[in-house]
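To start, the structure itself, in structure tokens.
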Amino acid sequence: MRKQIVAGNWKMNKDYVDSEILVSKLLETHQHSDVDVIIAPPFTNLLAASHTLKSTSIAVAAQNMHFAESGAYTGEISAEMLKSVGVHTVILGHSERRAYFNETDELLAKKVDAALANDMRVIFCFGEELTERKAGKENEVVESQIKNALFHLSETSWSQIVLAYEPVWAIGTGETATPEQAQDMHAFIRKTLENQYSATLADSVSILYGGSVKPANAKEIFSKPDVDGGLIGGAALDAEMFNAIIHSF
Ligand code: PGA
């Protein structure tokens with residue numbers, strides 16, 4: 001059985017105090033469910049969040065990391081540093097990292113390798129832009145993003161990988177892919193994994209949808225057979241909305 005996962009990507013939101021408030025609210029209102037819940041606060045709040053959530057069922061993730069172990073990389077954070085504050089999951093390849101920080105598939109492949117070498121779980125994001133979808137190229141784009149960053153991995157490494165399909169045109173825009181569009185793409189991704197690896201592997205990888213998921217649309221999106229949860233931006237900044245999304249399964 002694939003894991004159902006709801007992950008909150010806080011992006012560059014919430015200072016130290018606000019982050020603590022949101023974590024406490026989430027804890028207060030969180031009811032145990034079979035869904036894996038993950039939150040990704042900014043770096044400055046990872047230590048506090050991982051302390052507070054230590055023996056709970058909510059996991060903490062980083063939004064990015066560097067591929068090197070240590071060294072002269074001013075402003076960067078390594079996998080080891082994340083682990084030292086209790087963080088064992090990292091989001092890689094978010095479209096904002098690709099667009100504003102020039103992260104390429106080649107760079108992401110290195111980051112994925114570094115995360116796996118450190119036994120971390122990776123939430124790997126990818127997705128097409130609006131012009132690409134309009135040109136009917138979404139499958140091609142998604143396939144090449146996955147292939148270039150992940151197809152060098154061995155079959156066993158995939159137990160640490162969660163995929164997050166996030167069409168760029170749906171992120172933070174209020175425009176969501178229809179549940180059918182999400183399902184079609186997720187089925188295509190699974191087929192791509194099956195062709196490269198095996199049906200067993202394809203069936204075991206959780207594929208999340210991201211892009212303007214809200215309590216009002218989560219249920220329908222999550223009801224699709226190949227959608228195993230969501231990567232949530234805006235709605236993850238509100239405890240009630242985030243909880244409502246978790247309970248949409
Ligand atoms: P959004 O962001 O839910 O605000 O669209 C999703 C994401 O960027 O992961």
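Worth pointing out:
- Nitroxide proxy distance, nm - points 7 Å out along Cα→Cβ at Thr200 and Glu80: 3.6
- A simple spin-label model places the labels of Glu220 and Glu175 1.7 nm from each other, with each point 7 Å out along Cα-to-Cβ.
- Taking Tyr165, Tyr16, Tyr100 and counting other C-beta atoms within 10 Å, the order from fewest to most: Tyr100, Tyr16, Tyr165
- Gained length - Glu20 relative to Tyr73, 0.36 nm times residue gap less alpha-carbon distance: 16.2 nm
- Neighbour-count order for Thr131, Thr56, fewest beta carbons within 10 angstrom listed first: Thr131, Thr56
- Peptides 109-120, 57-68 ranked from most to least packed give 57-68, 109-120, packing being the mean of other C-beta atoms within 10 angstrom over each peptide's residues.
- Taking the charge dipole of the range 1-77 about its Cα centre, with +1 at Lys and Arg Cβ atoms and -1 at Asp and Glu Cβ atoms, the residue from Ile5, Asn64, Ile38 reaching farthest to the positive side is Ile5.
- Highest to lowest packing among 33-44, 223-234, scored as the average C-beta count within 10 Å: 223-234, 33-44
- Our estimate of slack between Phe151 and Asp238, defined as 0.36 nm per intervening residue step minus the Cα-Cα distance, is 27.7 nm.
- Computed on the range 82-215, with alpha-carbon pairs under 8 angstrom and 6+ residues apart, the relative contact order is 25 percent.
- Between the range 79-125 and the range 1-70, the Cα center-to-center distance that results, in Å: 15
- Charge sum, other residues only, whose C-beta stays under 12 Å from Ala7's C-beta, Lys/Arg counted +1 and Asp/Glu -1: -1
- Pairs with C-alpha atoms separated by more than 28 Å, drawn from the list Lys11/Lys54; Lys110/Lys219; Lys111/Lys224; Lys11/Lys111; Lys3/Lys25, are Lys110/Lys219; Lys111/Lys224.
- Listed residues Ala109, Ser248, His51: farthest to the positive end of the dipole of the chain (Cβ charges): His51
- As a proxy for reagent exposure, ranking His51, His30 by other Cβ atoms within 10 Å from fewest up yields His51, His30.
Values quoted throughout were computed directly from the atomic coordinates according to the rules given, and no laboratory measurement underlies them. Bear in mind the structure is a predicted one, so any value in this text is a computation, not a measurement. So basically every Cβ, Gly included, is an ideal-geometry build from the backbone, and we count neighbours across all protein chains shown.
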